[in-house]
Amino acid sequence: MNKENKLELYRMMLLIRLFEEALEEMFSRGLLHGTMHLSIGQEATATGACLALEREDLITSTHRGHGHCLAKGADPYKMFAELLGREDGYCRGRGGSMHIADLSNGNLGANGIVAGSLTISVGAALSLKIQKLDNIVLCFFGDGAVNEGSFHEALNLASLWELPVLFVCENNQYGMSMASENAVAGGSIAQRAESYGIKSISIDGNDVEEVYNSVLEFKETIKSSGKPMFIESVTYRYRGHSKSDRNLYRTSEEIEFWKEEKDPLKRFIGKLTEEDVEIETLKEIEAQVREVIRDSVKKALQSPESPKTNLEEDSYA
Amino acid sequence: MPEITTGQAIKEALSLCLDSNNTTFIAGEDIGVYGGAFGVTDGLLEKYGEERIKDTPISEDVIAGLAVGAAITGSKPIVEMQFSDFIVNAMDPIVNQAAKLHFMYGGAVNVPMIVRGASGAGTGAAAQHSQSLESWFCHVPGLKVVTPSNPQNAYDLLLASFVDPNPIIFMEHKLIYKLKSEVTLGPLPKDSSKLGKSKVVLEGKDITIASYSNMVNTVLNAVKDDSLKDYSIEVIDLLTLSPLDTETVITSVENTHKLLMCQEAPGSSSIGATLISEVVSSRAFNSLNKPPTLLAGLHSPMPSAKHLETAVIPQEEDIVMKIKEMIDNE
């Protein structure tokens, strides 16, 4: 990976972090209706995975999907507009935080149902195969999804039919309040994939280079073999499950440990400076990203609301 | 014009769908070598090969989910629920995904897919293989629900469903599969305008009977009863349940002043309940000279024994009696 690639990884992680911090601020000011699921702390997985893909590769995303969406190329302005219920939003205010789709960049959409996108990713991969397209589908889901029946049906069929899906489990160690270790019998998520004949690995999901390199390698293997693969990317979310979470199920020491010792941005900045990247260069990128966020928020707040008309008509194509 | 069964008519329609679009595939349980539990897909594997006629494991969730994923990426899938009761295992992809994505993503995607399923009772298959669950799906904005009653309308409506850009629940009553009649095997229609239209299949002026699916056939047999030979009966086949064409029924009731709705499904929160509510809330209210009546299946799981099964489903004699009751007591 050259320096330019690395700076792009940094820029994207920072964009996701600052995008979500801006959302938090807007939420606290009462500007946002509804809830949202923040991925602060998990930026390395979204960034490393999506930047290893090509624009034509497809992704399916989850309720905690802002990072996936941005990393796959979405326009922050259109995302803010969506969360604010504006006509310029990706879904014209009909989807909100949990349902942003950006087809032009290969994002088939975020999904509010845990494991909801697993079977969809299998169908999308079948489409690619039928249409003889040389791309893959990367399916994001959380550790909570691996105990849903559709996880097992999807992995089984993807393996049987040799479909080009890269399953990426973002194991942030909690399904809402349920600790993954109390929810996953047998202990290993990655091993479950192996039992379906799908090659799998478990990686440090807070190491953006490890994520990037793993996805890049698996993507190429999928393209040559046509078979699905599986990555468990171990990470951690700093914020609660959603805005109503009081964090009763974990200790503040645990959260602090991840923030201090394992933070993906902090670690990557450390690594970049060790590799002689000028701190000025990073500051310059940060200033650019802050400007993008500031301008996007401002523009979104000024954009028109979605009209209330045609909601019944819009239910059908 | 060939005389064929509904099952054959559906197969002819499926063949035309496969011929017309090379992204179309059919997926489901035992649809390949076995030919489908009701023989509908018999021979398609030989003709189209296993890339397009895809036998699946017994996994209804992923069968429906893969249709959603394929549909939003430019393919045109048709999937089969071997018995429509099994659709219960596929509710998330159908209700939370297929029905929602077009709206939820602000119109950015369409979900053109068909889920076919064998519905209804009469085969002694008992409570888990005999249900008429169509009204569940009518309650979900974003889905269209189609219930053919004979070979010709099964052929026509399946093709109309295929050219529609929305997710379609296509419920095929098991007892219509073997019905045989002459069928015009027309070309693929230019649009799906046949959906959402009910049809007057028998004209009359004393009473309107609305029905759908195989119950239409029961009604059409019932009205041939000798004891009804002096009555002029109008029969409407609803054909599409969502969107429901109430206008045809309202217009009919304005002329006949009476509405009898017959269905195999239980009455609560059902198609009949909705239809009657629509009619009494419409301009036809003042035309009614009798309370509209719903003759529905009992609110009971379907029993296996023949005599018990027939006790649950409205029979010809029940319909004859109800017609006389509504007309004679004027």
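Side notes on the structure shown:
Residue-by-condition table, conditions (1) buried (at least 22 other Cβ atoms within 10 Å of the Cβ); (2) of a type in the set (Lys, Arg):
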site: A:GLN191; (1), (2): no, no
site: A:ASP207; (1), (2): yes, no
site: A:GLU210; (1), (2): no, no
site: A:LYS219; (1), (2): no, yes
site: A:ILE222; (1), (2): yes, no
site: A:ARG237; (1), (2): no, yes
site: A:SER244; (1), (2): no, no
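- Selection within segment B:37-68: residues that are buried (at least 17 other Cβ atoms within 10 Å of the Cβ) and small (Gly, Ala, Ser). The member of this set that is nearest to the other protein chains (Cβ to nearest Cβ) is B:GLY65.
- Filtering segment A:36-57 for residues that are in contact with a strand residue (DSSP E or B) (Cβ under 8 Å, 6 or more places away or on another chain) and within 14 Å of chain B (Cβ to nearest Cβ) leaves a non-empty set.
- Unique residue being within 20 Å of A:GLU43 (Cα to Cα), touching a Leu at 6+ places or on another chain (Cβ under 8 Å) and of a type in the set (A, V, I, L, M, F, W, C) when the list is A:LEU157, A:LEU166: A:LEU166
Listed here are the residues, each with its yes/no results for (1) among the charged types (D, E, K, R); (2) under 11 Å from the mean Cα position of the chain (by Cα); (3) within 11 Å of another protein chain (Cβ to nearest Cβ).
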{"position": "A:HIS68", "(1), (2), (3)": "no, yes, no"}
{"position": "A:GLY73", "(1), (2), (3)": "no, no, no"}
{"position": "A:PHE80", "(1), (2), (3)": "no, no, no"}
{"position": "A:ASP88", "(1), (2), (3)": "yes, no, yes"}
{"position": "A:GLY112", "(1), (2), (3)": "no, no, yes"}
{"position": "A:SER121", "(1), (2), (3)": "no, no, yes"}
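- Filter result (touching a residue at least 40 places away in the same chain (Cβ under 8 Å), crowded, with 24+ Cβ neighbours inside 10 Å and either of a type in the set (S, T, N, Q) or out of contact with any Gly (no Cβ under 6 Å at 6 or more places or on another chain) (or both)) within segment B:79-92: B:SER84
- Breaking point among (1) out of contact with any helix residue (DSSP H, G or I) (no Cβ under 7 Å at 6 or more places or on another chain); (2) in the same structural domain as B:SER242 (by TED's automatic domain parsing), for B:TYR212: (1)
- Residue match in segment B:128-143 (condition: over 26 Å from B:VAL312 (Cα atoms) and surrounded by 20 or more Cβ atoms within 10 Å (Cβ to Cβ)): yes
- All positions within segment B:76-92 that are within 13 Å of another protein chain (Cβ to nearest Cβ) and in contact with a strand residue (DSSP E or B) (Cβ under 6 Å, 6 or more places away or on another chain): B:ILE78, B:VAL79
- Selection within segment A:120-134 - assigned to a loop (DSSP other than H, G, I, E, B) and of a type outside the set (A, V, I, L, M, F, W, C): A:GLN131, A:LYS132, A:ASP134
- Against the conditions (1) surrounded by fewer than 24 Cβ atoms within 10 Å (Cβ to Cβ); (2) in a helix (DSSP H, G or I), A:GLU54 satisfies every one except (2).
- Long-range neighbours under 7 Å by Cβ, at least six apart or interchain, first residue at positive phi within segment A:182-208, second crowded, with 16+ Cβ neighbours inside 10 Å: A:GLY197/A:SER159
- Among the residues of segment A:68-119, those that are touching a residue at least 40 places away in the same chain (Cβ under 8 Å), in a loop (DSSP other than H, G, I, E, B), surrounded by 24 or more Cβ atoms within 10 Å (Cβ to Cβ) and small (Gly, Ala, Ser) comprise A:GLY89, A:GLY109, A:ALA110.
- In segment A:136-181, the qualifying residues are those that are within 27 Å of A:LEU38 (Cβ to Cβ) and among the charged types (D, E, K, R), and the one that is modelled with the lowest pLDDT is A:GLU181.
- Only one of the numbered conditions (1) in contact (Cβ under 8 Å) with a residue 60 or more places away in the chain; (2) out of contact with any helix residue (DSSP H, G or I) (no Cβ under 9 Å at 6 or more places or on another chain); (3) among the hydroxyl-bearing types (Ser, Thr, Tyr) is not met by A:TYR174, and that is (2).
- Any hit, segment B:246-255, residues being surrounded by fewer than 24 Cβ atoms within 10 Å (Cβ to Cβ) and aliphatic (A, V, I, L, M): yes
- Residue within segment B:301-311 that is closer than 17 Å to B:ILE207 by Cα, in contact (Cβ under 8 Å) with a residue 24 or more places away in the chain, charged (D, E, K, R) and surrounded by 15 or more Cβ atoms within 10 Å (Cβ to Cβ) present: no
- Contact annotation: residue pairs with Cβ atoms under 6 Å, 6 or more positions apart or on different chains, pairing a residue in segment B:93-109 that is facing chain A (nearest Cβ under 7 Å) with a partner that is charged (D, E, K, R) and surrounded by fewer than 24 Cβ atoms within 10 Å (Cβ to Cβ), are B:PHE103/A:ARG94; B:PHE103/A:ASP314; B:MET104/A:ARG94; B:GLY106/A:ARG92; B:GLY106/A:ARG94.
- Any chance A:PHE151 is more than 9 Å from every other protein chain (Cβ to nearest Cβ), of a type in the set (Phe, Trp, Tyr) and part of a strand (DSSP E or B): no
- Pair list, Cβ < 6 Å and 6+ apart or interchain, from segment A:128-149 residues that are at negative phi to residues that are hydroxyl-bearing (Ser, Thr, Tyr) and part of a strand (DSSP E or B): A:CYS139/A:THR60
- Residues located in segment B:75-99, provided they are of a type in the set (A, V, I, L, M) and in a strand (DSSP E or B): B:ILE78, B:VAL79, B:MET81
The values are calculated or read from the model by the stated rules, or taken from the named source; none is laboratory data. Small disclaimer: the values here were computed from a predicted structure and weren't measured. Note that we place each Cβ from the backbone using ideal geometry, even for glycine, and neighbour counts take in every protein chain shown.
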